[in-house]
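**Q** Next up is a structure, given as structure tokens.
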Amino acid sequence: MPAKQRKIAIMGYRSVGKSSLSIQFVDGQFVDSYDPTIENTFVKSTRINNQDYDLKLVDTAGQDEYSIFPAQYSMDIHGYVLVYSITSHKSFEVVQILYDKLLDMTGKIQNSSVKSPTSCVSSVPIVLVGNKKDLHMERMISYDEGKRLAESWKAGFVEASAKQNDGVSDIFHMVLVEIEKSNGNNVQE
Ligand code: GDP
Ligand code: MG
């Protein structure tokens, strides 16, 4: 079977570890300081369940509660990784605001071709990530809070540490699984 091409956007508040997670997954290393303003696309091939994937990871420069959802991330993207830091209440709030904007944006686009608007809602493949789980002493958001939020979205959930390479590959495997699930009611090919 030919490799499937999948494009994934990594979004969230600044400094939550979006770039660190991307670089850890793609290069297998933890970079301590990475220019926070850079927006990069990383490529990586991976294989799950006998299927090859060519992934494009769009490491966004970050959003805050006032950001207008960037239109370029509503098209041409198969799945989303929304990242907060378990050490930051603010980043947990931002991810919820981002989620609402994401649904608005993708809903608008899908509504033009899909009859039932409700079928759009569950069909945006999302994985919620609580990063920096190695920082036990600074934890502000419990595992259960993160898990509950993801369940309310019907999204995947992973706590991860880019620093310790813990849970990082799970994120990207999970988003590919979410994308496969949504293919049943959504044209993604
Ligand atoms: P971005 O702005 O979301 O892309 O965040 P970066 O990847 O640039 O990371 C912001 C800061 O958090 C940097 O100093 C990273 O070294 C640090 N960082 C990222 N991930 C982790 C992690 O899992 N654990 C710890 N302890 N620090 C992290
Ligand atoms: Mg970054």
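**Q** At a Förster radius of 30 Å, what calculated FRET efficiency corresponds to the Cβ-Cβ distance of Lys154 and Tyr34, to the nearest 0.05? Write out the running numbers ahead of the final one.
**A** Values: r = 32 Å, r/R0 = 1.06.
The calculated FRET efficiency here is 0.40.
**Q** Can you give the FRET efficiency to the nearest 0.05 for Asp64 and Tyr143, using r as the Cβ-Cβ distance and R₀ = 41 Å? Could the numbers behind the result be given before it?
**A** Values: r = 25 Å, r/R0 = 0.60.
The value I calculate is 0.95.
**Q** Just the accessible area for Lys101, please: 1.4 Å probe, Å², rounded to the nearest 10?
**A** 50
**Q** Residues of the chain: accessible area per residue at 1.4 Å, in Å²?
**A** On the way: 9570 Å² over 189 residues.
So the chain comes to 51 Å² accessible per residue, rounded to a whole number.
**Q** Nearest 20 debye, what's the magnitude of the dipole of the chain about its Cα centre given +1 on Lys and Arg Cβ and -1 on Asp and Glu Cβ? Walk me through the numbers before you get to the answer.
**A** Values: 20 positive and 24 negative charges, 75 e Å.
Dipole of the chain, to the nearest 20 debye: 360 debye.
**Q** Counting pairs of alpha carbon atoms under 8 Å apart in space and at least six apart in sequence, what relative contact order in percent does the range 1-114 give? Kindly include the intermediate steps, with their values, before the conclusion.
**A** Numbers: 179 pairs, mean separation 40.2, N = 114.
35 percent.
**Q** If you don't mind, another one. 5 Å is the cut-off here: which amide hydrogens, built 1.01 Å from N in the peptide plane, fall below it relative to Gln63, excluding neighbours closer than 5 in sequence?
**A** Hits under the 5 Å cutoff: Gly12, Tyr13, Arg14.
**Q** If one puts a single equal scatterer on every Cα of the range 13-102 and applies the Debye formula without solvent, what log₁₀ I(q)/I(0) results at q = 0.21 Å⁻¹?
**A** Taking Cα atoms of the range 13-102 as identical point scatterers yields -1.15.
**Q** Full-extension gain between Leu135 and Thr41, please, as 0.36 nm times their residue separation minus the C-alpha to C-alpha distance. Provide the component values of the computation, followed by the final result.
**A** Details: separation 94, 0.36 × 94 = 33.84 nm, distance 2.75 nm.
Fully extending the segment from Leu135 to Thr41 adds 31.1 nm.
**Q** Probe radius 1.4 Å, ligands and nucleic acids ignored: give me the carbon and sulfur share of the accessible area of the chain as a rounded percent. Kindly include the intermediate steps, with their values, before the conclusion.
**A** Numbers: 4850 of 9570 Å².
Carbon-and-sulfur percentage of accessible area, whole number: 51.
**Q** For a quick check: with amide H placed at 1.01 Å from N, whose amide H comes under 5 Å from Glu159's, ignoring anything fewer than 5 positions away on the same chain?
**A** Gly130
**Q** Only bridges with both residues in the chain count here: give the DSSP antiparallel percent, nearest 5. It would help to have the intermediate numbers written out before the result.
**A** Numbers: 10 of 32 bridges.
Counting DSSP beta bridges with both partners in the chain, the antiparallel share is about 30 percent.
**Q** Which one, Met1, Phe42, Ser19, is farthest towards the positive end of the dipole of the chain when Lys and Arg carry +1 and Asp and Glu -1 on their Cβ?
**A** With unit charges placed on the Cβ atoms, the residue in question is Met1.
**Q** Sticking with this one: So which of Lys4/Lys90; Lys101/Lys181; Lys4/Lys163; Lys4/Lys147; Lys4/Lys133; Lys56/Lys101 end up more than 27 Å apart by C-alpha? Let's see the in-between values first.
**A** Details: Lys4/Lys90 36 Å; Lys101/Lys181 22 Å; Lys4/Lys163 29 Å; Lys4/Lys147 29 Å; Lys4/Lys133 31 Å; Lys56/Lys101 22 Å.
Cα-Cα > 27 Å for Lys4/Lys90; Lys4/Lys163; Lys4/Lys147; Lys4/Lys133; rest within.
The values are calculated or read from the model by the stated rules, or taken from the named source; none is laboratory data. These figures come from a predicted structure and were not determined experimentally. FYI the Cβ positions are ideal-geometry reconstructions off the backbone, even for glycines, and counts take in every protein chain you see. Note: areas computed on protein heavy atoms with side chains; ligands, DNA, RNA excluded. Shrake-Rupley method; radii C 1.70, N 1.55, O 1.52, S 1.80 Å.
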